[in-house]
Amino acid sequence: MHRLVVDIFCHCKCVLTFVFMCLYSAAIFSAGNVDKGIPALNGKFYPTLRSKVLFTDNVLLQDKNPKESILIVTTPRLKYNFESNITQFSMDMGIEQGYYTHSHGDNYLDADTKAKFSVYPTSRLSFFGAAGYRRFHEVRGSGSQSGNRATEFESPDKYRLWDVQLGFKYGVAKVGMPRFETAYYHLERRYSNNRRRTRIQDRNGDAVRSTLFYQILPNTSLLIQGNLMRLSYKRGFAPGDLDSKQYSVLGGLTWQATYQTTGYFKVGWNQKFFDASARGGSSNLSWEIGVNWFPLTYSTVGLVTSQRLQEADGIGNAANVRNFKLSWTHNWGWNISTTTNLIYINSNYSGNSREDNDLGGGFSIDYSFRRWLSVGVNYTYLLRSSTGSNLDYQRNVAGIHMVLSL
């Protein structure tokens, strides 16, 4: 017990110092400013600090003998926005440190940064792009460490991801007028540890997405979208064994039918071909649907569902993933707001008999003391039922959180 108290204190003392500095700065800054952000470099900076103290009853996502631990998460972020008559630029960067009091091997330090720009030389033509870098981890018990494999390693899988996007848009948003948008994407994913298993997951990806819109009503457009992706694995069970091409064509519409509803609906076909003829290919019906309903100005109900082919990370050839998410956000007044969500994910793996069904839900209650300070409590539950051996589990996570922002 004494060691636990010392560990928590040693980890939190720097966080508490930073929190005090943010509170002091925010109090001074907010005394004369009601707008968010700190003006600088012809734009605005938006610093935030999120901190959570959580209890999880299944750190390694195991079906038997789960490990419990307290998890302390600290996430400072900094955003920058700049706008002119023909240019928009933004940058978002941050780090997240997670500290497990009873599972030190699962401690992590993630980081990410993303820069975006848009240029509007004419009223019809615009160019856009983005570049990003992420250093993330996969929770032990997930991905290539699913089930009992989580105990074979002393730390979670870690990877780095670089991505670049360039594209343009042409057209105007008027009834009876078409609009066209196309973009090129490049990504590189590299794992940095546990190479005995993760080396086969290193890969590069190149993709092109093109969409043609035709506006039929002031707030409604028909669309047809084509996607082409090429994936090249750096290593595999044999040279080129996992390399593939993936195509999809979808049609549908986007709308803002009334002030109460916005959404999109796309349905089509998705197909994946492997360079290695022995792996054959996979195909399925594909859809992307999202709807936001605003029954009241202070309440939002959201529904998102999709089905698409994804990489299987060594489990068969490809994963056909179908997911549904229902959420409700409500502002109750008195500076109190709540968020509730339910999720369901079904994953089928071609070339493997495994099928996973994930069912989960959670809620968050937040109270805003000031514009720049809010606190809350949260809870999430996740249940997995799988045809694979030793892959079933359930997990409860509960805790408190705080958000500081300028």
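Considering only DSSP states other than H, G, I, E and B, which chymotrypsin sites (Phe, Trp or Tyr not before Pro) in region 297-362 qualify as loop sites with at most 10 other Cβ atoms within 10 Å?
TRP334
At 0.36 nm per residue, and after removing the present C-alpha to C-alpha distance, how many nm does the segment from ASP92 to SER142 gain when stretched out fully?
Difference between extended and current length: 15.3 nm.
Which of ALA40, GLN145, THR122 sits closest to the plus end of the dipole of region 2-405, meaning its Cα is farthest towards the positive end, when Lys and Arg get +1 and Asp and Glu get -1 on the C-beta?
THR122
Once the piece of chain linking ILE289 and LEU125 is laid out straight, how much longer is it, given 0.36 nm per residue of separation minus the C-alpha distance between them?
So the extension gain works out to 56.3 nm.
Sort THR74, THR122, THR305 by Cβ crowding within 10 Å, fewest neighbours at the top.
Fewest-to-most ranking of THR74, THR122, THR305: THR122, THR305, THR74.
Pulled fully out, how much extra length does the chain show between ASN357 and VAL301, if you take 0.36 nm times their separation in residues and subtract their Cα-Cα distance?
Full-extension gain reported as 17.8 nm.
When each pair of different Cα atoms in region 276-406 is counted once in the 1/r mean, what is the Kirkwood radius in angstroms, to one decimal?
The answer is 17.5 Å.
Which order do LYS272, LYS116 fall in if you start with the one that has the fewest other Cβ atoms within 10 Å?
LYS116, LYS272
Among the listed pairs LYS114/LYS158; LYS174/LYS325; LYS36/LYS325; LYS36/LYS169, give every one whose C-alpha distance is greater than 21 Å.
LYS174/LYS325; LYS36/LYS325; LYS36/LYS169, as the Cα separations exceed 21 Å there.
What order do you get for THR75, THR297 when you list them from fewest to most C-beta neighbours inside 10 Å?
THR297, THR75
In region 367-406, whose amide N lies under 15 Å from the spot 7 Å out along Cα-to-Cβ of TRP332? List them in ranges.
367-369, 375-379
What dipole magnitude, in Debye to the nearest 20, does region 2-405 give about its Cα centre under +1 on Lys/Arg Cβ and -1 on Asp/Glu Cβ?
640
Give me the one-decimal nm value for the distance between modelled label points at ARG230 and TYR367, 7 Å along each residue's Cα-to-Cβ direction.
In this crude spin-label approximation the distance works out to 5.8 nm.
Which percent of Cα-Cα pairs in the chain sits in each 10 Å bin, short to long?
All Cα pairs considered, the percentages come to 4, 16, 27, 30, 18, 5, 0, 0.
Give a quick list of trypsin sites (Lys or Arg not before Pro) in region 123-204 that DSSP marks as loop, anything other than H, G, I, E or B, with at most 16 other Cβ atoms within 10 Å.
Here the trypsin sites (Lys or Arg not before Pro) that fit, given the DSSP loop and packing criteria, are ARG124, LYS174.
First select every other residue whose beta carbon is under 12 angstrom from the beta carbon of TYR108; then total the charges, Lys and Arg +1, Asp and Glu -1.
Here the charged neighbours net out to -2.
Every number here is computed from the coordinates shown, using simple stated rules; none is lab data. Because the structure is a prediction, the values reported are computed rather than measured. A quick note on method: Cβ atoms are made from the backbone with ideal geometry, for glycine too, and the neighbour counts reach across all protein chains shown.
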